[in-house]
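Scroll down for the structure; my scribbles are underneath it.
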Amino acid sequence: MTEPDDVDPVSESATRAAAGMSPAGADMADTGDEGWRAELVLTGRLSSLNGEIAGYVLRSLDADAGRAAPTSVEDEQALGQRLVEIGHAVIERARNRRAIPGGLDSRGRVVRPRRREVKPAEHWSRSVRNTLRGRVIGLELSAAAHASGQTIRTVAHGLGFPVARIHRLLSGYGLPNPEDVATVGTFLGISRRAREQLCPLAHQAAAINWLEDHGTRLPMRSRTLRAVENGLVAMTCYDHATIPRPLRTPAYHRALLTASPLTPPDEINQRVEALTHDHRLVTDESAACTFLIEHHALTRTGIPTHTMKDQLAALREHADRSNVTIRIIPAHTGHPAMPLP
């Protein structure tokens, strides 16, 4: 059997030196067993530690609320020691990978990295379609055009732009040009402050992550979600420690808000009423909704028993909807974090 073109067999000594393996480890790497075993062991340790961190965080929250005793000093020290050990293992793995440009395949052979062709910016602007930032910009500009009585054709005529260019911008198609966003925004009478918020979105339109700084107080509802929920076709919703908002009962949501230090008491009623908008995403049945719920969000909640009982009944009702899919993530694969309503 011939070797693939992108794989170079290397000598046993070169493999040992580059991967930082012992002679026994290098011998097993030739069959792929040792490398694969090491990956499984490291992944298993990370998964196990992930569950321990989740338990530690939840125990700390319960202790702060007076519902449980705090973690003992010995257990806390042991957890810290395991974090240090797994950290060293991950660092060592990264060093081994860096020692070989293309890394090792499952059989311990060096993989020659392939050169990736750098595509011009014009190609990306044509190939990338309907990014989240582009859609938010298009919705904001479309709303401004509607409010001022403008159409795509009148905007294009007023600015001397091709109609297709304005159509792409207002429909969120492709990567928006920041200069076009500023020009069209000014033409439509959008405030300077609003334009200063839209232009950075255009500069980062191709990015897939989205981080919003809310300061010391969470908003009633995410401004970004409000902007894109109209015309929604499908959505996947995940909450790291609680029931996702569209599935929450008012009592469950109120219990979370009451326990959260980030929620002023005088805003709780208003925030519970705002939950109605999230419910519509599910009850309208116009979008296919998939919800991922952590196992510990159902079993280690800190929510009053009668409130949680009603919440579970509501989940069963939502699960019967034709447009709703609810999936439970097992406890050993969860992603712990402090719950925020």
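Results for (1) outside the structural domain of Ala297 (by TED's automatic domain parsing); (2) at pLDDT below 80, shown as yes or no for each residue.
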residue	(1), (2)
Ala182	yes, no
Arg193	yes, no
Asn209	yes, yes
Met220	yes, yes
Arg223	yes, yes
Thr236	no, no
Asp239	no, no
Thr242	no, no
Any residue that is modelled with pLDDT of 85 or more, part of a strand (DSSP E or B) and outside the structural domain of Leu61 (by TED's automatic domain parsing) - is there at least one of those in region 268-289?
yes
Here is a check on your reading of the model: is Glu34 assigned to a helix (DSSP H, G or I), at pLDDT below 75 and surrounded by 14 or more Cβ atoms within 10 Å (Cβ to Cβ)?
yes
Of everything in region 286-313 that's farther than 14 Å from Leu256 by Cα and of a type in the set (A, V, I, L, M), which residue is surrounded by the fewest Cβ atoms within 10 Å (Cβ to Cβ)?
Ala313
Would you confirm, using the coordinates I've provided, whether Gly185 is in contact with a helix residue (DSSP H, G or I) (Cβ under 9 Å, 6 or more places away or on another chain), over 18 Å from Glu229 (Cα atoms) and surrounded by 19 or more Cβ atoms within 10 Å (Cβ to Cβ)?
yes
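The values are calculated or read from the model by the stated rules, or taken from the named source; none is laboratory data. Values in this document were obtained by computation on a predicted structure and should not be read as measured data. Note: ideal-geometry Cβ built from the backbone for every residue, glycine included; neighbour counts use all protein chains shown.
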